[in-house]
1. Among the residues of segment 70-87, count how many are over 14 Å from the mean Cα position of the chain (by Cα), surrounded by 12 or more Cβ atoms within 10 Å (Cβ to Cβ) and not aromatic (Phe, Trp, Tyr).
2. Could you list all residues from segment 34-72 that are hydroxyl-bearing (Ser, Thr, Tyr) and either outside the structural domain of residue 86 (by TED's automatic domain parsing) or assigned to a helix (DSSP H, G or I) (or both)?
3. Restricting to segment 1-53, what's the tally of residues that are out of contact with any Gly (no Cβ under 9 Å at 6 or more places or on another chain), among the hydrophobic types (A, V, I, L, M, F, W, C) and either under 19 Å from residue 87 (Cβ atoms) or surrounded by 10 or more Cβ atoms within 10 Å (Cβ to Cβ) (or both)?
Amino acid sequence: MFDLLLGVSLRVPDARSWAALIGLGLGTQLVGYVALTYVLGHLAATVTSVGLLAQAPLTALLAAFLLHEPLSGSQVAGGSFVLVGVWTAGRHSYP
């Protein structure tokens, strides 16, 4: 509806763009799903569930380095706390 009001086309330009979108979507989802399934089968559930918390700060770091996205001080502080917590939980999970 808003695209019509603003006069912006939401049509994907060509088949190459569709292939890129499908490849990005399927590739990342498939690799992530297979990696998560593999880890769930080889690590304790407690380690895996806490480890999944690291996804958000690590994604922010990748966005900062690869896409030059700025990180605020609160994001850096919060991400640091999460990563320290994940490290602490992982360190104490094994004898």
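1. Taking segment 70-87 first, the residues over 14 Å from the mean Cα position of the chain (by Cα) are 70-78, 80-87.
Now drop any that are not surrounded by 12 or more Cβ atoms within 10 Å (Cβ to Cβ), which leaves 71, 75-76, 78, 82-83, 85-87.
Within this subset, residues satisfying the condition of being not aromatic (Phe, Trp, Tyr) are 71, 75-76, 78, 82-83, 85-86.
Final tally of qualifying residues: 8.
2. Selection gives 37, 38, 46, 48, 49, 59.
3. The number of residues fulfilling the criteria is 17.
Here is a yes/no grid of residues against (1) touching a helix residue (DSSP H, G or I) at 6+ places or on another chain (Cβ under 9 Å); (2) among the acidic types (Asp, Glu); (3) closer than 20 Å to residue 32 by Cβ:
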site	(1), (2), (3)
56	yes, no, yes
63	no, no, yes
66	no, no, yes
73	no, no, no
90	yes, no, yes
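The values are calculated or read from the model by the stated rules, or taken from the named source; none is laboratory data. Note that the structure is predicted; figures quoted are calculated from it, not measured. We place every Cβ from the backbone using ideal geometry, glycine too, and count neighbours over all the protein chains shown.
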